[in-house]
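Everything below concerns the one structure shown next.
The values are calculated or read from the model by the stated rules, or taken from the named source; none is laboratory data. The shown structure was predicted, so the numbers you read here are calculated from the model rather than taken from an experiment. Cβ: placed from backbone, ideal geometry, glycine included. Neighbour counts: every protein chain shown.
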Amino acid sequence: MEYNFKEIEPRWQKEWSRRGTYRVGVDPDRPKYYILDMFPYPSGAGLHVGHPLGYIASDICTRYKRMSGFNVLHPMGFDAFGLPAEQYAIQTGQHPATTTAANIARYREQLDKLGFSYDWDRCVETCDPAYYKWTQWAFIRMFESYYCRDCNQARPIAELLPVFEQQGNEGLNAACTVEMGFTAAEWRAMSEAERADVLMNYRLAYRASTMVNWCEALGTVLANDEVKDGLSERGGHPVEQRRMMQWLLRVSAYAERLLGGLDDLAWSESLKEIQRNWIGKSTGAQMFFDIKGSDQKLEVFTTRPDTIYGVTFMVLAPEHDYLSWLPTAGQRDEVDAYIAASKKRSERERVADTRKVTGVFTGAYAVNPFTGDEIPIYISDYVLAGYGTGAIMAVPGHDSRDWAFARHFGLPIVPVVEGGNVEEASYDAKEGRMINSGIIDGLDVKEAIVRMFDEVEARGLGRRKVNYRLRDAIFSRQRYWGEPIPVYYKDGIPTALPFSALPLELPKVSDFSPSRSGEPPLARVADWSYEGWPLETSTMPGFAGSSAYYLRYMDPTNDGALVSREADEYWRDVDLYVGGIEHATGHLIYSRFWNKFLFDIGEAAEQEPFRKLVNQGMIQGRSNFVYRYLGLNVFVSLHIKEEIDAAGNFEELNVVLRKYGLDPIRSISDGPITSVTSFFNRNSLFSSLHVDVNIVRNDVLDTDAFKKWRPEFADAEFVLEDGKYVCGWGIEKMSKSMYNVVNPDRIVADYGADTLRMYEMFLGPLEASKPWDTNGIDGVHKFLRRFWRLFFASGDFGVSDESPTAAEFKTLHKTIKKVREDIENFSFNTSVAAFMICLNELGLCDKRQILEPLTILLAPFAPHITEELWSRMGHEGSIFDERMPEYAPAHLVESEFEYPVSVNGKLRFKKSLPLGISVAEIEAAVLADENAGRWLEGREPKKMIVVPGKIVNIVI
RNA sequence: GCGGAUAUGGUGUAAUUGGUAGCCACGUCAGACUUAGGAUCUGGUGCCGAAAGGCGUGGGGGUUCGAGUCCCUUUAUCCGCACCA
């Protein structure tokens, strides 16, 4: 009987759903395991064959863990709010709620066909008010918290009121937007609005006027991780810097914990490194320089205080506060002109012009505290306002940017680290001996740094300081399709909604388009107010809804809490998180921040949300090409095209052309060939066109389908090789325009979900990026058909109760061992290979004692076929209630081992010897072998190296 | 510029972690069978060579009895960060 996956797969999917096979709940008697996929944005394009890669891997793990005795939580949901969904809605002219619902339905249908073991009862959608109620709730909790640097955690902001009342903010060590100082008396004298401003300075969710990434085309601000090279990640629109009033999350307060927490996570080193870079910790010193003729001091940040003797000028960012008074009258106009010019430059232009040196002298001088020299103060936009203090001490001898600046303006360059030639280039050394350096002369750089830190602090010139690149996350978007920010303005004072007013539902509007001015769509909603006060009109960014969804899955329908204490303490954290690396600096930072905050306020059980994380690679597209000859409707098969291309001159060319029945080219004026050069540069002989990969099989074009594919090819002619049209191929991004999108639905229809699942795993290591290539899927499909046939040896279903041979047992147990180890190591490609080897070795074995454990072992990979065979073998329950087979070492014992014997490092012969004998016995047996005599030719071995169970080496 | 990763047949890959390089597949070649299927089965298939044999894991060098694996160097590709002081 044939393996009829078309009938088997839908039947079991329905049956699992009916039985609730994959429903899970809190069960204190069993150890928990939480396996999570990054939930998808339900985009309009539907799934392509690359999307399920990670889902398949996590599904295999889930089934495997479940069959190993764990209570496995494995949910799925949809990240439905945010820019992509909204842009798609705008493009198609429909309401985002409508398109999102339709897209979710489509995704769900596609996912269901693949036989995943999700507990769909726990499905969450971020755009569901019952869900985003808890996103808004978390926002309010952040709004009502500040970050205490002494106890290193979030605390209720209400705690600050009595402190301010008694001592002002003196001695308060808390994360804030701007440093401020006030006394208790000043606090008491403040108006309500002024006090609100002070508190806002400390809140973890706060509103402030800051420089933001404004994207006019999208009509919204963007977070740093949503901007790449000065363009928006979505759509690639230009982004400019603008000062705007925005909501932000004080992520920077958690920088040190986000950094430190990485160490214990089972994440790839590269991913941790990306996050470390993003957090960008640098330890240095904050130093104050006297300004000549002023009481003010100029504050800089440096990681290299050891180079202080090489400081020959200072540079301020054009946005620096001091520029209102610092420049001398003579330089005023020039400075103002520079400031105005740099303001106009977009972020993109600044990035593009990194090598151009610009700047203006302010006319003012600072004093080098160690040399006493007066050094000029410049402004330049190579100094960033947002990092450090927006001012630097320039060391042209040892910093390439300072060097370029000094060269351009003719400023002195003093080397202070031995080595290099500062006349030619800066010497950006991190080690070496200090020279020209007063009290640190002769010290090594590393010692000098420490010495200078101490010296600077002792002399009261500054103090050690840690700086982070990580910025607070801008949390408002001037868009429609997101969670409304649960804040209203009472007498103009931002006030959180009471929890009882949550969820603050997103109103249904007909006009949800963004505006170029930055006015959010919600501002156009009549009566967008709370108790008569206007509500905030911006919405939350895409990452808001995905920041704590893993907690919600634990208890998805709870209306009284994000997650119940019971569920949280049982499920705790995600043991295995599978998803793409593209979330490294977005979701995975925000989520960790969000979770740490919830941990601080006692709402999450663990400090870190994702214990182990695996990044599946991207599946690229494999495009096929056809070669159109001379712009005619004639298509030439790949190798003939290559042969024609290889011709070196007209004569050779025409010989080849005649051979294939093509008209010879008589002169260069024939056809579109315009010159000999262009002709032999292969510019004009063939044009290569993308062809739909779905009408190509093993790179052979289905010519009839091609003619029907597009009307202009209806009368196409082909020059075939061996009766076939062979296409060229290349690796590109999977996209509609390349005609290389492979839809999983089609693979499921042709081969079945089990084949697709196993093939995606077989394709290569999970974490590697690789092209999808439908060629080769036959190998896996063949395996499943052969496996099926083992049970139908006589035509009808039947397994024998005959005892297996030792060899059969050995094969089985070898496979069990290998497959189990591979799953634990996330090496699915090799485990699929192990199954194939197993089948090759078993031949035609129909014995129950072999086939039953093998079927169970295969079940996580190919759930449908194994469930079907399991039931045909007469079992009542589901195969997924069975335990994974253990391997029995007894069956794996090898009695003999073939030792490769090398003489002088070169393999000469093999000697079969029992395992477990002593080294001396091996030596004796090898030397006694007649082959050894042949190679030794009577010489005595100088040395013998014996690695028991591996190899024998003889050195003569 | 800084940081990280990768490089193995025609293709995807594997290698007991320093021990016979190329497992398992795809493709391909030869054969069997056949109601001609995109079926099934058997065998070959890294390169050069008639063979013996030689060469072979991006290139060069090193450590070692032995290197795809370790070290140095270099090239290419991919990714992350980037006037971050």
Candidate set: the range A:176-200, residues that are modelled with pLDDT of 95 or more and under 41 Å from the mean Cα position of the chain (by Cα); chosen: the one farthest from A:Arg471 (Cα to Cα): A:Ala196
Boolean, A:Thr389 is buried (at least 20 other Cβ atoms within 10 Å of the Cβ) and away from RNA strand B (no atom under 13 Å from the Cβ): no
Inside the range A:898-920, the number of residues satisfying the requirement of being near RNA strand B (Cβ under 10 Å from one of its atoms), under 48 Å from the mean Cα position of the chain (by Cα), over 12 Å from A:Ile954 (Cα atoms) and at pLDDT below 75 is 1
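Whether any residue in the range A:17-28 is touching a Gly at 6+ places or on another chain (Cβ under 9 Å) and on the phi < 0 side of the Ramachandran plot is what I want to check. Talk me through it step by step, then tell me what you get.
Let us first name the residues in the range A:17-28 that are touching a Gly at 6+ places or on another chain (Cβ under 9 Å), namely none.
No, because not a single residue in the range A:17-28 is touching a Gly at 6+ places or on another chain (Cβ under 9 Å) and on the phi < 0 side of the Ramachandran plot.
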For the range A:313-326, indicate whether the set of residues that are small (Gly, Ala, Ser), out of contact with any Asp or Glu (no Cβ under 9 Å at 6 or more places or on another chain) and within 19 Å of A:Tyr382 (Cβ to Cβ) is non-empty. no
Search the range A:506-518 for residues that are closer than 18 Å to A:Gln87 by Cβ and pair each with any residue that is in a loop (DSSP other than H, G, I, E, B) and among the polar types (S, T, N, Q) when their beta-carbon atoms are under 8 Å apart and the residues are at least 6 apart or on different chains. A:Pro514/A:Gln478; A:Ser515/A:Gln478; A:Gly518/A:Gln478
Condition check: more than 15 Å from RNA strand B (Cβ to nearest atom), loosely packed, with under 14 Cβ neighbours inside 10 Å and under 39 Å from the mean Cα position of the chain (by Cα). Does A:Ser687 satisfy that? no
Among the residues of the range A:181-189, are any out of contact with any His (no Cβ under 7 Å at 6 or more places or on another chain), touching a residue at least 24 places away in the same chain (Cβ under 8 Å), buried (at least 18 other Cβ atoms within 10 Å of the Cβ) and hydrophobic (A, V, I, L, M, F, W, C)? no
Is there any pair with a first residue in the range A:190-209 that is assigned to a strand (DSSP E or B) and a second that is among the polar types (S, T, N, Q) whose Cβ atoms are under 6 Å apart and which are 6 or more apart or on different chains, and what are they? A:Ala208/A:Thr177
Of A:Gly54, A:Gly46, the only residue that is out of contact with any helix residue (DSSP H, G or I) (no Cβ under 9 Å at 6 or more places or on another chain) and surrounded by 16 or more Cβ atoms within 10 Å (Cβ to Cβ) is A:Gly54
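Residue-wise test of (1) touching a strand residue (DSSP E or B) at 6+ places or on another chain (Cβ under 8 Å); (2) in a helix (DSSP H, G or I); (3) closer than 13 Å to A:Asp119 by Cα; (4) free of Cβ contacts under 8 Å to residues at least 24 places away in the same chain.
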site: A:Lys14; (1), (2), (3), (4): no, yes, no, yes
site: A:Tyr33; (1), (2), (3), (4): yes, no, no, no
site: A:Ser43; (1), (2), (3), (4): no, no, no, no
site: A:Cys61; (1), (2), (3), (4): yes, yes, no, no
site: A:Tyr64; (1), (2), (3), (4): no, yes, no, no
Criterion violated by A:Val614 - all others in (1) more than 16 Å from RNA strand B (Cβ to nearest atom); (2) among the β-branched types (Val, Ile, Thr); (3) farther than 23 Å from A:Phe81 by Cβ; (4) surrounded by 19 or more Cβ atoms within 10 Å (Cβ to Cβ) satisfied: (1)
Of the residues that sit in the range A:414-437 and are buried (at least 18 other Cβ atoms within 10 Å of the Cβ) and part of a loop (DSSP other than H, G, I, E, B), which one is farthest from the chain's Cα centre (by Cα)? A:Ser437
Members of the range A:801-848 found to be modelled with pLDDT of 90 or more and of a type in the set (Gly, Ala, Ser), listed by number: A:Ser803, A:Ser827, A:Ser831, A:Ala833, A:Ala834
Is it the case, given these coordinates, that A:Val239 is of a type in the set (A, V, I, L, M), modelled with pLDDT under 85 and touching a Leu at 6+ places or on another chain (Cβ under 8 Å)? yes
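Matching residues to (1) surrounded by fewer than 18 Cβ atoms within 10 Å (Cβ to Cβ); (2) under 26 Å from the mean Cα position of the chain (by Cα); (3) assigned to a strand (DSSP E or B):
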position: A:Ala705; (1), (2), (3): yes, no, no
position: A:Lys708; (1), (2), (3): yes, no, no
position: A:Val748; (1), (2), (3): no, no, no
position: A:Asp754; (1), (2), (3): no, no, no
position: A:Glu760; (1), (2), (3): no, yes, no
Check on A:Ser400, of a type in the set (S, T, N, Q), modelled with pLDDT under 85 and surrounded by fewer than 16 Cβ atoms within 10 Å (Cβ to Cβ): yes
Considering only residues of the range A:768-784 that are in a loop (DSSP other than H, G, I, E, B) and within 7 Å of RNA strand B (Cβ to nearest atom), which is nearest to A:Gly621 (Cα to Cα)? A:Asp773
With the range A:535-622 as the region, which helices (runs of 4 or more DSSP H) entirely inside it contain at least 2 residues that are of a type in the set (D, E, K, R) and either touching a Pro at 6+ places or on another chain (Cβ under 9 Å) or touching a residue at least 12 places away in the same chain (Cβ under 8 Å) (or both)? A:565-571, A:587-600
Can you tell me which residue within the range A:460-495, out of those that are of a type in the set (Lys, Arg) and crowded, with 22+ Cβ neighbours inside 10 Å, is nearest to RNA strand B (Cβ to nearest atom)? A:Arg477
Just give me the residues in the range A:429-447 being more than 14 Å from RNA strand B (Cβ to nearest atom) and of a type outside the set (D, E, K, R), in sequence order. A:Gly432, A:Met434, A:Ile435, A:Asn436, A:Ser437, A:Gly438, A:Ile439, A:Ile440, A:Gly442, A:Leu443
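Condition check: closer than 29 Å to A:Met452 by Cβ and of a type in the set (Asp, Glu). Does A:Asp306 satisfy that? Steps first, answer last, please.
Values: closer than 29 Å to A:Met452 by Cβ: yes; of a type in the set (Asp, Glu): yes.
In short, yes.
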Kindly provide the set of residues from the range A:250-288 that are free of Cβ contacts under 8 Å to residues at least 12 places away in the same chain and of a type in the set (Lys, Arg), ordered by number. A:Lys272
Residues of the range A:867-900 being touching a Pro at 6+ places or on another chain (Cβ under 9 Å), in contact (Cβ under 8 Å) with a residue 40 or more places away in the chain and polar (S, T, N, Q), in sequence order, are none
Is there a residue being within 30 Å of the chain's Cα centre (by Cα) and not in a loop (DSSP other than H, G, I, E, B) anywhere in the range A:516-525? no
Condition (residue is farther than 30 Å from A:Cys61 by Cα, under 27 Å from the mean Cα position of the chain (by Cα) and modelled with pLDDT of 90 or more) applied to the range A:588-595: is it met by at least one residue? no
